[in-house]
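Every number in this text was worked out from the coordinates using simple rules, so none of it is lab data. A quick note: this is a predicted structure, and the numbers were derived from the prediction, not measured. In this analysis, Cβ positions are derived from the backbone assuming ideal geometry, glycine residues included, and neighbour counts consider all displayed protein chains.
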């Protein structure tokens, strides 16, 4: 299981990977909204058109993809392209469609995160071989099937959201232990095994 970084370590890391500097948003966890699924469908169509069908996968992930689960009102979209490090092959097209690059993480499986100007959609870009692709889908499907696990995760998020955090990533990393436990149980339930934790305890699009 990954370990959480100290606040100082995390802030130093964020200064290296964020485009546009640190932000201190209000963390709000709200009841599930069925409109989130509709929003994903619209965004997926925009992405598909922008890339001309060159994407390998577009999935709705994170808590807004789990009916009945409370979440931040930010729709997380997983986009898999041939090579996420090759920004020239997809970034100009997505920027032309209105997305803004916010995160560039070469050391985290070449992860890129773009968002809408309204900051209500986060688009996470990975290559096909990034372990995070499978983890995101595994966690989503596990929470969709298990009411008790959804309740555990929702309670954790509401409790943590009631605190003040320097950045959204501080809030996200505070959920590390619970998320890794959920993913481990999900992997065990499907007969999996091996390493499921993200190196360094980094947590990404789990709203």
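Quick notes
- The single residue among 69, 79 that is surrounded by 20 or more Cβ atoms within 10 Å (Cβ to Cβ), in a strand (DSSP E or B) and touching a residue at least 40 places away in the same chain (Cβ under 8 Å) turns out to be 79.
- Enumeration of residues in segment 34-66 that are surrounded by 14 or more Cβ atoms within 10 Å (Cβ to Cβ) and over 19 Å from residue 113 (Cβ atoms): 37, 66
- Residues that are under 18 Å from residue 74 (Cβ atoms) and either in a loop (DSSP other than H, G, I, E, B) or without any contact (Cβ under 8 Å) to a residue 24 or more places away in the chain (or both), drawn from segment 116-158: 116, 117, 118, 119, 120, 156
- Taken residue by residue, segment 159-168 has at least one member that is more than 29 Å from residue 16 (Cβ to Cβ), outside any helix (DSSP H, G or I) and over 14 Å from the mean Cα position of the chain (by Cα).
- Residues located in segment 85-98, provided they are crowded, with 17+ Cβ neighbours inside 10 Å and touching a residue at least 40 places away in the same chain (Cβ under 8 Å): 94
- Residue check for residue 183: within 20 Å of residue 32 (Cα to Cα) and in contact (Cβ under 8 Å) with a residue 12 or more places away in the chain: no
- Sole residue being without any contact (Cβ under 8 Å) to a residue 40 or more places away in the chain and within 29 Å of residue 162 (Cα to Cα), chosen from 45, 37: 37
- Any hit, segment 16-25, residues being touching a residue at least 12 places away in the same chain (Cβ under 8 Å), farther than 19 Å from residue 111 by Cα, within 18 Å of the chain's Cα centre (by Cα) and exposed (fewer than 11 other Cβ atoms within 10 Å of the Cβ): no
- Restricting segment 82-103 to residues that are touching a strand residue (DSSP E or B) at 6+ places or on another chain (Cβ under 6 Å) and part of a loop (DSSP other than H, G, I, E, B), the residue that is nearest to residue 140 (Cα to Cα): 84
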